[in-house]
Amino acid sequence: MALPAAVPAQDVKGGNAQEKELPATIRAEQMTGRPDREVFLERDVEIIRGPTTINADKATYHIVEDEVEAHGNIRMRRFGDSYTGEDLRLKIEASEGFVLKPTYHLQRNNAQGAAERIDFEGEDRATVYEGSYSTCEGPDPDWYLKSGKLDLDQAREEGVAHRTLVYFKGVPILAAPAMSFPLTDSRKSGALPPTIGTTNRGGLEVTVPYYFNIAPNRDVTLYPKIYARRGLQLGAEGRYLGEDYFGQTRFEYLPSDQQTKTDRYAITSTHTQFLAPGLAWTWNLNSASDDDYPTDFSRTITAAKQRLLLRDTALTYGTALWQASARASNFQVLQDPIVPIVRPYDRLPQVTFHAGKQDVNGFDWDVDSELTRFWHPTLLRGDRFLVNPRIAYPMIQPGYFITPKLSLHSTRYSLDSRTPVPNDNLSRTLPTLSLDSGLVFERDARFFGRDMIQTLEPRLFYVYTPYKDQTAFPNFDTAEADLSFAQLFSENRFVGNDRISDANQVTAAMISRYIEPTGAERMRFALGQRFYFTEQRVTLGGARNESRSDLLLSAYGQLMQGLSVEGNVQYSQTLNSMSRANYGVRWQPAPKRVLNLQYRRARLNNLEQVDVSGQWPIAERWYGVARMNYSLPDSKVAEGLLGMEYKADCWVFRIVGQRTPTATGLTNTALFFQLELSGLTRLGSNPLEALRANIPGYQLVNQP
């Protein structure tokens, strides 16, 4: 028998009645009572009201109160969640009531459990008494949480357990008087699980972080860390994001290091503030207490290889036509114990101006200007003012382009009179003429049986800059640029503004591409070289009488789905040897399967390395992760990582060892253990950052 109860439908909005305001539908084999007051139901009872469905052996529905009392074999679906139990009392529209001896399943995060009682306190809130919680499926989950009281707040997307034990494989692994966990991937305040690891510099490390989700756009994490060999380090990180500002600051402090008997600290802070339309103020501040900080604490603020810490602040203003900035910056140098590092110049201050516009009656123009005060505690100091206007006339057609360009580089120096120099006022004005040109040919082609478009793109780039003797000029910020395809098509061989290279040269290049109908580039080959018509007299060392630069060759291709290759070669025809080379192969045939092989060589630095990394399933549910950077001249491993991951249905275990160089001749080794309980927490130390940084293409094994 089925009967719609006498609960009238309310107003219809937009043509659809609200789910909770729909009338109740009642079914049972036997039904007695008064349809306008209460109904007694027996055998195969079903009550449906909006998003709530209740099944039971027998029930009483109080229609005026909109309340159900049900007994025996309770089955209820409520807002997508499901419950079973022995007895139930529920005000359907108010979503208030309780169920005894229940089991439950939450649809939103696939969590389940059993309890003595569950109290419903609205649509989004429930309290579980003497119950369990797990995201593992089945009657015998691999991990579960048992608590005296468990508050589930789906509106806040948070669960809070009191008097809690966490079991893994039937063994208790974590106890807490209270702990919170997310019901979704959203952020929440609360104590984060402790992380445990070990390094050769600090010994056993234990971190107990606490996270404050202050607002959707602000949070703070406190992370006290105990080093077995050093003591207690206190750390904090704050992040914020507003309509006209954003930034983050991280600070850590270890008083009275047991090894050095000194206070150790480090801080890094970045901030951007938009003061008005087009006007912004930024800072980037980094500092450490001593030179050994990145070696002793390589897994914290300062990266293991970062030994120049920037302190910089700038005020910038810009429009569509021009931009101006005022900046002050310097570096803290954390000296390498074996190879000294030269401190860069401070800029106190640096004022820059840039303006430009394209397609002004066919012309493109721009101008850069800069005034900088260079300061150094031991080296020559001085001011540098420069102006560099440029004008070009691009002629671009579907099959070719020609771009003549004229620029003028004018520089003036005022050197510190306290420093003995022959002339403390120097100036230089040099024009540069360049002509960039190229052709683009296309033809239909096939590549591995697929239709493609093949291009052939020859390019010539000519530059002329007259010679001026610049040996008396200081060198505040200039170095010779590394040769690359981008640098082949630049007017100046130097990076920085203290040297302007003399030039009477042409760059010749040829590029060919295979392009799919979708526009994706499947293959690319490039060849380029610069030819000098006169001797290169402006250098940072001795004169160079080469007739041509090294030859550059580059190739990239995706040979098939998941397999790509890349190679770059810099070949010296003068020395008849490779100056630089790097080759790489990546094979990624499926998710969570990737192998990388790279070879790098640089003659100048006596560098020759083979780098192998990968992530690969090695048995059912087992994944291996590894990286080895092997130095051929030294016959030793420069960097290394080795680990295993095990993926179960609702948990992941990781063990990873890592070896990282921190200074010349010094290394740091670390060991990570992590147990990730899906939907609850991660216990142990966190190797994920190391895995992503060391293995290109790495993916989480529990990622869909």
Any hit, segment 113-135, residues being under 19 Å from ARG75 (Cβ atoms), part of a loop (DSSP other than H, G, I, E, B) and open to solvent by less than 20 Å² (accessible area, probe 1.4 Å): yes
Long-range neighbours under 9 Å by Cβ, at least six apart or interchain, first residue closer than 14 Å to LYS468 by Cα within segment 532-545, second modelled with pLDDT under 70 and part of a loop (DSSP other than H, G, I, E, B): GLU535/ALA543; GLN536/ALA543; ARG537/ALA543
Search result, residues across segment 243-259 that are in a strand (DSSP E or B) and either open to solvent by 30 Å² or more (accessible area, probe 1.4 Å) or basic (Lys, Arg) (or both): TYR245, PHE246, GLN248, THR249, ARG250, PHE251, TYR253
Qualifying positions in segment 481-494 - under 17 Å from LEU430 (Cβ atoms) and outside any loop (DSSP other than H, G, I, E, B): PHE494
Residue that is outside any strand (DSSP E or B), in contact (Cβ under 8 Å) with a residue 12 or more places away in the chain and aliphatic (A, V, I, L, M), where the choices are ILE341, ILE391: ILE341
Selected residue (criterion: farthest from the chain's Cα centre (by Cα)) from residues of segment 361-387 that are hydrophobic (A, V, I, L, M, F, W, C) and farther than 15 Å from PRO344 by Cβ: PHE363
Among the candidates THR295, THR272, residue that is part of a strand (DSSP E or B) and in contact (Cβ under 8 Å) with a residue 24 or more places away in the chain: THR272
Residue within segment 300-322 that is assigned to a strand (DSSP E or B) and exposed (fewer than 14 other Cβ atoms within 10 Å of the Cβ) present: yes
Tally of residues being open to solvent by 50 Å² or more (accessible area, probe 1.4 Å) and over 25 Å from ALA228 (Cα atoms) across segment 265-277: 4
Residue identified as open to solvent by 40 Å² or more (accessible area, probe 1.4 Å), assigned to a strand (DSSP E or B) and of a type in the set (A, V, I, L, M) among LEU406, LEU379: LEU406
Answer residue from segment 20-49, given it is among the charged types (D, E, K, R) and part of a strand (DSSP E or B) and is least open to solvent (accessible area, probe 1.4 Å) among those: ARG49
Unique residue being without any contact (Cβ under 8 Å) to a residue 40 or more places away in the chain and either exposed (fewer than 12 other Cβ atoms within 10 Å of the Cβ) or touching a Phe, Trp or Tyr at 6+ places or on another chain (Cβ under 7 Å) (or both) when the list is ASP444, ASP436, ASP451: ASP444
Total residues in segment 639-685, condition of a type in the set (A, V, I, L, M), open to solvent by less than 50 Å² (accessible area, probe 1.4 Å) and modelled with pLDDT of 85 or more: 6
Test: residue in segment 84-93 that is out of contact with any Pro (no Cβ under 7 Å at 6 or more places or on another chain), buried (at least 18 other Cβ atoms within 10 Å of the Cβ) and not aliphatic (A, V, I, L, M): no
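Quick grid of which residues meet (1) assigned to a strand (DSSP E or B); (2) surrounded by fewer than 18 Cβ atoms within 10 Å (Cβ to Cβ); (3) at pLDDT 95 or above; (4) of a type in the set (Ser, Thr, Tyr):
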position	(1), (2), (3), (4)
LEU575	no, yes, no, no
ALA581	yes, yes, no, no
VAL585	yes, yes, yes, no
GLN598	yes, yes, yes, no
ARG601	yes, no, no, no
ASN605	no, yes, no, no
VAL612	yes, yes, yes, no
GLN615	yes, no, yes, no
ILE618	yes, yes, no, no
Criterion (touching a residue at least 60 places away in the same chain (Cβ under 8 Å), under 28 Å from ASN109 (Cβ atoms) and within 22 Å of the chain's Cα centre (by Cα)) met by exactly one of LEU192, LEU183: LEU192
Yes/no for THR262 being open to solvent by 30 Å² or more (accessible area, probe 1.4 Å), among the hydroxyl-bearing types (Ser, Thr, Tyr) and outside any strand (DSSP E or B): yes
Complete set of residues in segment 579-631 that are more than 25 Å from GLN558 (Cβ to Cβ) and of a type in the set (Asp, Glu): GLU608, GLU620
Residue in segment 222-242 that is open to solvent by less than 50 Å² (accessible area, probe 1.4 Å), within 24 Å of LEU315 (Cα to Cα) and not in a strand (DSSP E or B) present: yes
Residue within segment 459-469 that is over 25 Å from ASP502 (Cα atoms) and either part of a strand (DSSP E or B) or open to solvent by 80 Å² or more (accessible area, probe 1.4 Å) (or both) present: no
Matching residues, segment 50-72, being assigned to a loop (DSSP other than H, G, I, E, B) and either at positive phi or charged (D, E, K, R) (or both): GLY50, GLU65, ASP66
Residue in segment 170-189 that is farther than 25 Å from PHE98 by Cα, exposed (fewer than 14 other Cβ atoms within 10 Å of the Cβ) and of a type in the set (Val, Ile, Thr) present: yes
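The values are calculated or read from the model by the stated rules, or taken from the named source; none is laboratory data. Predicted model only: the values in this text are computed from it and were never measured. Here Cβ is always computed from backbone atoms with ideal geometry, including for glycine, and neighbour counts include all displayed protein chains. Remember, those area values only see protein heavy atoms, side chains included, never the ligands or the DNA or RNA. Shrake-Rupley method; radii C 1.70, N 1.55, O 1.52, S 1.80 Å.
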